[in-house]
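Comments concern the structure below.
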């Protein structure tokens, strides 16, 4: 393990797992318990237990981006999505799927970002919303918006000090049931947990003295 990332080299795929980004959705251990073996001592990641295509599908199903891969067999790497999405999770984080730049650095194509204010790994979710009893709908009201001229491209996320997540780029905000609630090229997403207009910032972070550090 280096820089907090476990890297396991198989015959055809280099599989990576970044524990700090994991939100324990359990997609990996439920879908392929032979690749990600739960509750064992020692080695628990086995990329050769699946085909490269199955590893790709497993990584792409991980909402947090904790699972990533590098193909060693000459196969294609993951293409960028045709539509950039922010999925609002009930009582939980915002799940982004887009070519991401977070805090000025490339950040893959998936991330779950804290919106409860309690994560110890800001701007990423670490599951603290459960212990904090965070309550926020995954079905926000629909905001009137026009179809975007472009729906893809790099999405830049800037965590503002003691403030919201400034998101710039083509983005469609989607509810937990898949309903498009907004289309935007620039927005500020609440990460203090107290906005009255979740998932968007309404300035409440200042009133409650939110600290992002």
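The values are calculated or read from the model by the stated rules, or taken from the named source; none is laboratory data. All figures in this text were calculated on a predicted structure; none of them were measured in a lab. Cβ sites come from the backbone with ideal geometry, for glycine too, and all protein chains shown count toward neighbours.
Brief remarks follow.
- Boolean, residue 100 is within 17 Å of residue 192 (Cβ to Cβ) and either assigned by TED's automatic domain parsing to the domain that holds residue 190 or at pLDDT below 95 (or both): no
- Some residue of the range 111-127 being farther than 18 Å from residue 210 by Cα and surrounded by fewer than 16 Cβ atoms within 10 Å (Cβ to Cβ): no
- Scanning the range 117-135 for residues that are within 26 Å of residue 60 (Cβ to Cβ) and part of a loop (DSSP other than H, G, I, E, B) yields 119, 121, 122, 123, 125, 126, 127.
- Cβ-Cβ contacts under 6 Å between residues 6 or more apart (or on different chains), taken from a first residue in the range 199-211 that is assigned to a helix (DSSP H, G or I) to a second residue that is surrounded by 11 or more Cβ atoms within 10 Å (Cβ to Cβ), are listed as 204/194; 204/195; 205/163; 205/192; 208/194.
- Matching residues in the range 74-97 - criterion: being farther than 23 Å from residue 200 by Cα, in contact with a strand residue (DSSP E or B) (Cβ under 7 Å, 6 or more places away or on another chain) and modelled with pLDDT of 95 or more: 81
- Search result, residues across the range 1-30 that are surrounded by fewer than 16 Cβ atoms within 10 Å (Cβ to Cβ), in contact with a helix residue (DSSP H, G or I) (Cβ under 7 Å, 6 or more places away or on another chain) and without any contact (Cβ under 8 Å) to a residue 60 or more places away in the chain: 4
- Condition check for residue 172: assigned to a strand (DSSP E or B), free of Cβ contacts under 8 Å to residues at least 24 places away in the same chain and touching a strand residue (DSSP E or B) at 6+ places or on another chain (Cβ under 9 Å): no
- For the range 176-198, the set of residues classified as closer than 23 Å to residue 149 by Cβ and either in contact with a helix residue (DSSP H, G or I) (Cβ under 8 Å, 6 or more places away or on another chain) or part of a loop (DSSP other than H, G, I, E, B) (or both) consists of 178, 179, listed by residue number.
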